[in-house]
Amino acid sequence: MAMAGSGLKTVHLNLPASTADLRKLEIGSVAYLTGRVFTAREGVYKHAIEDGAGMPASRETLGLANFHCSPAASINADGSHTVGAVTATASFRFARWLDGWLKLSGCNIIIGKGGMTSDIYRNAFVPNNAVYLTTVGYGTGALLGRGIKRVSGVYWAKELGLAQAAWVLEVENFGPFLVESDLDGKSLFERENEKIAPGLAKLYEGTRPATLRRYGETDNKTDEVI
Amino acid sequence: MIANSALERTAFELMTKAAIEIPDDYLAGLRRCADTEKGDLSSFVIQAMLENYEAAKEDRRAMCGDTGLPRWYVKIGNEARIEGGPVALETALRRATATATHEVPLRPNRVHPLWRTDHNNNVGINAPEIEYAFHPDADWIDLTTVHKGGLFGSDYRMLFPGDGIEGIRRFYLDTLIGFGKRGLACQPAIVGVGLGGSKDTSVVLGKQASCLRVVGSRNPDPKIAALEDELKEIGNSIGMGAMGFMGSSMVVDCHIEVGYCHTGGMPMSVHMFCLSSRRSTARLYPDGRVEFRTDPEWFTDYSRRSTVEWAQPMAEAAE
Ligand code: SF4
């Protein structure tokens, strides 16, 4: 389901993806996924790595694509699941666990919102042959909800609660996503920031720094708040 | 008398509409962005969002997986009478919020700030927020719900008269650029600016300006209206579009609301209402009629009055 009129390259990936598959991904390409993904965020990371609990299930059961998300979902009385809309949560907050997590889980695709810094890509993603895909918008929750065909398991719901649990999702043409980092650790967001930066000085003509400064404030327009 | 059951039923309906149906004025504004956007990545994002709104309506599912923080704005006509009084009204709004969270479903986002206790219904201490306003010569009640998303995209700053328009421009740009990178604000957004008041008033006015005025509306003060146009324009000339990619789609519209402030200061707030600009309004009459709309009509000549006494503007009085 490629978007009409977009000149962007579109890739359909079957999961789990091989390193050779990932090698073909270029930053700024559109990706759709078919196969198995699982949700895991700070709750799972902390429990698996810091509490030493290990992985909630085998690599075959969970898959190798980790989605930073808490679905708008519920567990029904008969044990089945209802998933409404899903939207990724901002990933930069989880950066500190990533190196340990990629080694422990074997994941080679991280899906989330807004990406991380290229430092993290170089130091944690590249050595583990992993890429980062970002959701789009970021409000495309209804489209993503459509791509989820089935929930095949929920792990650590009791330990961590529904929002933080590991949800295993069987997906089909799940997307759209944009390739934010490739196997070399390049970042699409940082590339775009660099393109925008040179125009900013002109824009700030006709403005004046506030009389009252704030602690921790920076005046470097190429800085980011993350 | 406006029946309590009608209030609860209507509030539930509003919660559902807000979560699923993007308001027409925002949709039209985003389509205009789609027509003028030249950045290929930013265009792609906007196109995906337009398809997402369709999918949400077709499937009757929430447009965004983060269903935000549901809150209420209540405007009460001076002659309106509510069955059970204001306490019954607040109970009806809390019930509707809880029921809709289970039935739409919405994400139970509301937790205790320290203990992270989640009632799984978006209701808790001081939640949902309910803000009130009043209206002369009216026997109806307007209920508006806003499902405000986004941990990013709002900021406050104490400026001073000497900072002037140049200081306003600077703080506005700082906020848009800071939160626009990587699309943390989920732009293109309706940007609200609150100017003046005391600190809390400034923040409230900015939020109301972004969430409760429709795209295309202008402040009745022509000089403020011109500043709204200017700020919209410079926001779209940052060079940044959707998700912080190169482009021109940052601001769908800019709204400014003002309040009289301390003679020494000029407090300012900036708020961004995201790609899921969710709001829905209904007017309930004592005879049982209910009219749904997407324009909250929150700001009026009455709410913006600057005099001691309320005197109807001449034009309206002559009608
Ligand atoms: S800011 Fe708005 S569009 Fe973005 S994730 Fe939150 S609710 Fe959705």
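The values are calculated or read from the model by the stated rules, or taken from the named source; none is laboratory data. Everything quoted here is computed from the prediction, not taken from an experiment. With ideal geometry, Cβ positions are generated from the backbone for all residues, glycine too; neighbour counts draw on all protein chains shown.
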| said: So in the range A:23-50, with the set limited to residues that are touching a residue at least 40 places away in the same chain (Cβ under 8 Å), out of contact with any Leu (no Cβ under 8 Å at 6 or more places or on another chain) and over 21 Å from A:Leu144 (Cβ atoms), which one is farthest from the other protein chains (Cβ to nearest Cβ)? | reply: A:Tyr45
| request: Give me the pairs, please: first residue somewhere in the range B:268-290 and surrounded by fewer than 23 Cβ atoms within 10 Å (Cβ to Cβ) and β-branched (Val, Ile, Thr), second residue anywhere and part of a strand (DSSP E or B) and modelled with pLDDT of 95 or more, beta-carbon distance under 8 Å, and either six or more positions apart or on two chains. | output: B:Val290/B:Ala282; B:Val290/B:Arg283; B:Val290/B:Leu284
| message | Here is a check on your reading of the model: is B:Lys75 surrounded by 21 or more Cβ atoms within 10 Å (Cβ to Cβ) and farther than 24 Å from B:Gly150 by Cβ? | response | yes
| remark: Counting only strands (runs of 3 or more DSSP E) wholly inside the range B:262-304, the ones holding at least 1 residues that are more than 16 Å from the ligand (Cβ to nearest atom) and more than 14 Å from every other protein chain (Cβ to nearest Cβ) are B:278-284, B:290-293
| task | Could you run through the range A:211-226 and say how many residues are closer than 22 Å to A:Arg96 by Cα, in contact (Cβ under 8 Å) with a residue 12 or more places away in the chain and within 7 Å of chain B (Cβ to nearest Cβ)? | result | 1
| request: Taking B:Met250 as meeting all but one of (1) closer than 27 Å to B:Leu41 by Cα; (2) at the interface with another protein chain (Cβ under 9 Å from one of its Cβ atoms); (3) surrounded by 21 or more Cβ atoms within 10 Å (Cβ to Cβ), write down the number of the exception. | output: (2)
| task | Kindly indicate whether B:Tyr156 is within 14 Å of chain A (Cβ to nearest Cβ), more than 16 Å from the ligand (Cβ to nearest atom) and under 18 Å from the mean Cα position of the chain (by Cα). | result | yes
| field | Complete set of residues in the range B:222-247 that are more than 17 Å from A:Arg191 (Cα to Cα), in contact with a Phe, Trp or Tyr (Cβ under 8 Å, 6 or more places away or on another chain) and either of a type in the set (Ser, Thr, Tyr) or within 11 Å of chain A (Cβ to nearest Cβ) (or both) | value | B:Ile234, B:Gly235
| Could you list, in sequence order, the residues of the range A:91-145 that are within 14 Å of another protein chain (Cβ to nearest Cβ) and surrounded by fewer than 22 Cβ atoms within 10 Å (Cβ to Cβ)? | A:Phe92, A:Arg93, A:Ala95, A:Thr117, A:Ser118
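Yes or no, residue by residue, for (1) more than 10 Å from chain A (Cβ to nearest Cβ); (2) buried (at least 23 other Cβ atoms within 10 Å of the Cβ); (3) part of a helix (DSSP H, G or I); (4) among the polar types (S, T, N, Q):
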residue: B:Thr16; (1), (2), (3), (4): yes, no, yes, yes
residue: B:Leu27; (1), (2), (3), (4): yes, no, yes, no
residue: B:Ser42; (1), (2), (3), (4): no, yes, yes, yes
residue: B:Leu50; (1), (2), (3), (4): no, no, yes, no
residue: B:Ala62; (1), (2), (3), (4): no, yes, no, no
residue: B:Asp66; (1), (2), (3), (4): no, yes, no, no
residue: B:Leu106; (1), (2), (3), (4): no, yes, no, no
residue: B:Trp115; (1), (2), (3), (4): yes, no, no, no
| message | Yes or no: the range B:204-222 includes at least one residue that is within 16 Å of the ligand (Cβ to nearest atom), in a helix (DSSP H, G or I), under 12 Å from the mean Cα position of the chain (by Cα) and hydrophobic (A, V, I, L, M, F, W, C). | response | yes
| query | Does the range A:215-223 contain any residue that is in contact with a Phe, Trp or Tyr (Cβ under 6 Å, 6 or more places away or on another chain), over 27 Å from B:Ser249 (Cβ atoms) and loosely packed, with under 14 Cβ neighbours inside 10 Å? | reply | no
| task | Could you list all residues from the range B:174-203 that are within 11 Å of another protein chain (Cβ to nearest Cβ), in a helix (DSSP H, G or I) and crowded, with 22+ Cβ neighbours inside 10 Å? | result | B:Thr175, B:Leu176, B:Ile177, B:Phe179, B:Gly180, B:Lys181, B:Arg182, B:Gly183
| field | Residue list for the range B:223-248, filter: of a type in the set (Val, Ile, Thr) and either assigned to a loop (DSSP other than H, G, I, E, B) or not assigned by TED's automatic domain parsing to the domain that holds B:Ile168 (or both) | value | B:Ile238
| Output for the range B:117-152, where each listed residue is touching a residue at least 24 places away in the same chain (Cβ under 8 Å) and either within 14 Å of another protein chain (Cβ to nearest Cβ) or within 16 Å of the ligand (Cβ to nearest atom) (or both) | B:Asn121, B:Asn122, B:Pro128, B:Thr145, B:Val146, B:His147, B:Lys148, B:Gly149, B:Gly150, B:Phe152
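To keep it simple, each residue is scored yes or no on (1) at pLDDT 95 or above; (2) over 16 Å from B:Gly65 (Cβ atoms); (3) within 16 Å of the ligand (Cβ to nearest atom).
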position	(1), (2), (3)
A:Met116	yes, yes, no
A:Val126	yes, yes, no
A:Ala130	yes, yes, no
A:Gly145	no, no, yes
A:Gly153	no, yes, no
A:Leu162	no, no, no
A:Glu172	yes, yes, no
| Under the condition of being over 19 Å from B:Arg283 (Cβ atoms) and in contact with a strand residue (DSSP E or B) (Cβ under 8 Å, 6 or more places away or on another chain), which residue from the range B:65-75 is farthest from the ligand (Cβ to nearest atom)? | B:Pro70
